[in-house]
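A quick write-up on the structure given underneath.
The values are calculated or read from the model by the stated rules, or taken from the named source; none is laboratory data. Bear in mind the structure is a predicted one, so any value in this text is a computation, not a measurement. Here the Cβ is made from the backbone with ideal geometry for all residues, glycine too, and neighbour counts use every protein chain on show.
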Amino acid sequence: MRRSTTKYLLSASLLALGSLTLIAGCVDNDSSLFILGVIDTNQSTCLAKPDTTSAMLPSGTMDTEFINSYTADLLVGSQLTQQGSREQLRAETSRISLRGAEVTLTSLNGQKTYGKYSTVGTGFVDPSSGDAPTYAAMAVNIIPPGIAGLSQTVVLAKIRVFGSTLGGESVTSSELDFPITVCRGCLVQYPASANDPASGSKGYHCTDSASTTSAAMAPVQPCLLGQDQPISCTLCVAHPLCEDPTLNPSNAASSSP
């Protein structure tokens, strides 16, 4: 009877040990890898700086008159601590190689799903030093071309980045919710100084000749035409929508009687 009891306790111990091993292999990495936000490259000379002092976008805008996809520069942080040691000749295994992102695109209320997909992205995050996380920038195509149903609406991108440590452990970040306004012509602005004097009583017509009269009046060129940054009509005057505001579905003038 004692032998049976010992055998039972040994089996139970092995089962418990196996369960602990299984749990350890499925650790939630949400706290180890995270997305701090989307870097506003228009505020940093079009460079995505992996720094918490970088300006962040609260939301994005995709103007389909000029682009058919949306790419975000994510600021990704790691809280995995250093494991390497020169003294003990132990290699560092906590560096994370970023592989891509998983994106779910829904309506703001979550009742409609436009797409769920993985997208490629690259980056490298060093292990943290003490309590301070380390950061890396990673460009991710949040809205790829060809997503159906995106027209004059606001969508919510739910983003998780993934990768693996040099030690071979797969890591997935916490989820970032990032709203994006999808529109046609909403980023175009029509300054009074750009109105063609020859248009007379025919209404506003944009001309790029007005922007050349003074270097100080020259419009600012965005990092990517049609994404996030408002643009002067003088930068796209070849488009009928830019030349004539009444042709712009996002312009109040187009809805006036």
Worksheet item: (1) in contact with a Leu (Cβ under 6 Å, 6 or more places away or on another chain); (2) modelled with pLDDT of 90 or more; (3) outside any helix (DSSP H, G or I): which one isn't true of residue 241, the others all being true?
Response: (3)
Discussion item. Residue under question is residue 223, and the condition is that it be at pLDDT 95 or above and part of a loop (DSSP other than H, G, I, E, B); does it hold?
Written reply: no
Worksheet item: What tally of residues in the range 31-55 results from selecting those that are more than 15 Å from the chain's Cα centre (by Cα) and within 22 Å of residue 158 (Cβ to Cβ)?
Response: 3
Worksheet, complete the sentence: Just one listed residue, out of 75, 36, is closer than 20 Å to residue 228 by Cα, surrounded by fewer than 19 Cβ atoms within 10 Å (Cβ to Cβ) and aliphatic (A, V, I, L, M), and it is 36
Discussion item. Tell me which strands (runs of 3 or more DSSP E) are completely within the range 128-212 and hold 1 or more residues being closer than 14 Å to residue 106 by Cα, or say none if there are none.
Written reply: 134-143, 153-165, 176-183
